[in-house]
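Note sheet for the following structure.
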Amino acid sequence: MTGEGKTREQLIDEVQVLLLRVAELERSEAEHQRIEKELQQVARFPELALVPDTAEVKKAEERRLTVERLATLGQFSGDISHELRNPLSVIASSAYYLKTRLKDSDEKVREHLDRIQSSVDKATGVIQSLLDLTQMKKSQLTRLDLVAFISEAITMAAVPVRVKVVRNFPQSAVLVNADREQLGMVFRNIIANAVEAMAGRGTLTVAIGTKDGQAEASFTDTGPGILAENMDKIFQPFFSTKSKGIGFGLPIARLVVERHGGIIEVMSAPGRGATFTIHLPLGADKVDGV
Amino acid sequence: MPQKLTILVVDDNDEFCQNVKDVLELEDYQVTTARDGFQSLLILKQREFDLVLMDLRMPVMDGVETFKIVKEMSPNTSVIMVTAFIGDDLNKEALQAGARAVLGKPMDFDKLLALIRQIIAQRSTDTGGGR
């Protein structure tokens, strides 16, 4: 019998569950193999696994600090938004006035005024993204069938004709309790990222299923994949490898999924595309707060 | 000759107020400005306007508070609210109180001008009331 009155077998089981959880969060095949070896080691010497993995502790601490920073930013983002929108309003209204007044002037003048307007639109978009990230509205939960919901998201995404969409969907519904608007945003972001990664040509495989009491939806593209050094960064705000965009899509997606009690993970290797998998708790019979 | 549409623009940002006045005057509307709710009520006491374009959040007296009084003083005046606080609860309150629309800042002037043309069209077909 070990400490806390647990048997050796119970201790092995608990540690195996914890390590399997760590394995789920890992992103590369090499890590999976490493964890498997550890499992075998733990089965022989369970006491060794009780030493905390400092790398995992550090990651958890970084995530906690990020959430705290976002919460602080959220308190001020409404005021920041207001303070920025007002001068942008003056710039936009002056540009509009000049465009109307000078509508018969030369093309160069109109071009400059158009640039002013489009830059104001971009800045306004950044402000709205910041608000979306830091001031997410309270979720309005409804029961959703992921199969129907994701089918709709794919249709609404207007995927280019050169992107083949392969659907591995179950025959029966996969029910979750989720905020329709927020979850819709998650899937739209992931589909848009996949299409952009493939430069408008390739195969997007979408699979839906259930595993261990959780709903799973995965999106696999045939793009160039994600560089190993970027794997930890893609969920950070302002990180983007795209020519356009400010890198809020995936941080917002992760925030939404985690607020729904789920996790989002990615697997990728250069030249082998990327798979984003979203795990969500399966829907209960009754939904609170609807 | 039909009378020009009269518009009162109320905003504590002087530059924005002046810009909106300039844009609307290009469309041949008759525009007066006020810098807060209180000043706007003093102006409305002297004369009626077809439309009031009002910032939702202002010092001294905010837009919704002012709007409710405007509605009592001039029930035929249309009111469009403007706000830099998108998604604010005041937006819903303004619409529930009867505001014609709540527009975000930076303002979409094409949308504003289309709304104004709708108001004019409605007034010209309204046989019962209005100016």
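Which condition number does B:E27 fail, the rest of (1) within 14 Å of chain A (Cβ to nearest Cβ); (2) in contact with a strand residue (DSSP E or B) (Cβ under 8 Å, 6 or more places away or on another chain); (3) touching a residue at least 40 places away in the same chain (Cβ under 8 Å) being met?
So B:E27 meets the others, but not (2).
So which of B:V60, B:V82, B:V64 ends up being surrounded by 19 or more Cβ atoms within 10 Å (Cβ to Cβ) and farther than 15 Å from A:N86 by Cα?
B:V64
What's the number of the condition A:R143 fails, among (1) in contact with a Lys or Arg (Cβ under 6 Å, 6 or more places away or on another chain); (2) over 30 Å from A:K99 (Cβ atoms)?
Condition (1) is where A:R143 drops out.
Considering each of B:V52, B:V64, B:V70, B:V82 in turn, give the residue that is within 14 Å of another protein chain (Cβ to nearest Cβ) and on the phi < 0 side of the Ramachandran plot. Step through it out loud before you land on a result.
Values: B:V52 fails: within 14 Å of another protein chain (Cβ to nearest Cβ); B:V64 fails: within 14 Å of another protein chain (Cβ to nearest Cβ); B:V70 fails: within 14 Å of another protein chain (Cβ to nearest Cβ).
B:V82 is the lone residue from the list that is within 14 Å of another protein chain (Cβ to nearest Cβ) and on the phi < 0 side of the Ramachandran plot.
So is A:V163 within 17 Å of A:G283 (Cβ to Cβ) and modelled with pLDDT of 90 or more or not?
no
Quick check on my filter: what residues within region A:74-98 are within 8 Å of chain B (Cβ to nearest Cβ) and at pLDDT 90 or above?
Of everything in region A:74-98, those that are within 8 Å of chain B (Cβ to nearest Cβ) and at pLDDT 90 or above turn out to be A:R85, A:N86, A:L88, A:S89, A:V90, A:I91, A:A92, A:S93, A:S94, A:Y96, A:Y97.
In this structure, is A:R101 modelled with pLDDT of 70 or more, within 14 Å of another protein chain (Cβ to nearest Cβ) and either over 30 Å from B:M107 (Cβ atoms) or touching a Gly at 6+ places or on another chain (Cβ under 9 Å) (or both)?
On the way: modelled with pLDDT of 70 or more: yes; within 14 Å of another protein chain (Cβ to nearest Cβ): yes; either over 30 Å from B:M107 (Cβ atoms) or touching a Gly at 6+ places or on another chain (Cβ under 9 Å) (or both): no.
No.
Taking region B:91-101 as the region of interest, how many residues are within 14 Å of chain A (Cβ to nearest Cβ) and either surrounded by fewer than 18 Cβ atoms within 10 Å (Cβ to Cβ) or modelled with pLDDT of 90 or more (or both)?
Matching residues across region B:91-101 total 1.
I'd like the residue in region A:81-121 that is surrounded by fewer than 18 Cβ atoms within 10 Å (Cβ to Cβ) and hydroxyl-bearing (S, T, Y) and, out of all such residues, is farthest from the chain's Cα centre (by Cα).
Out of the qualifying residues, it is A:S105.
Does at least one position in region A:42-61 carry a residue that is part of a loop (DSSP other than H, G, I, E, B), surrounded by fewer than 17 Cβ atoms within 10 Å (Cβ to Cβ), modelled with pLDDT of 75 or more and among the charged types (D, E, K, R)?
Scanning region A:42-61, I find no residue that is part of a loop (DSSP other than H, G, I, E, B), surrounded by fewer than 17 Cβ atoms within 10 Å (Cβ to Cβ), modelled with pLDDT of 75 or more and among the charged types (D, E, K, R), so the answer is no.
Mind checking whether some residue in region B:11-24 is in contact (Cβ under 8 Å) with a residue 40 or more places away in the chain, out of contact with any helix residue (DSSP H, G or I) (no Cβ under 6 Å at 6 or more places or on another chain) and surrounded by fewer than 21 Cβ atoms within 10 Å (Cβ to Cβ)?
yes
I'm trying to understand the selection: among the residues of region A:160-180, which are of a type outside the set (A, V, I, L, M), closer than 12 Å to A:L204 by Cβ and in contact with a helix residue (DSSP H, G or I) (Cβ under 8 Å, 6 or more places away or on another chain)?
So in region A:160-180, the residues of a type outside the set (A, V, I, L, M) come out as A:160, A:162, A:164, A:167-172, A:177, A:179-180.
If we keep only those that are closer than 12 Å to A:L204 by Cβ as well, we get A:160, A:162, A:164, A:167-168.
Those that are of a type outside the set (A, V, I, L, M), closer than 12 Å to A:L204 by Cβ and in contact with a helix residue (DSSP H, G or I) (Cβ under 8 Å, 6 or more places away or on another chain): A:P160, A:R167.
The values are calculated or read from the model by the stated rules, or taken from the named source; none is laboratory data. Keep in mind it's a predicted model, so treat the numbers as computed, not measured. All Cβ positions, glycine included, derive from the backbone under ideal geometry; neighbour counts span all protein chains shown.
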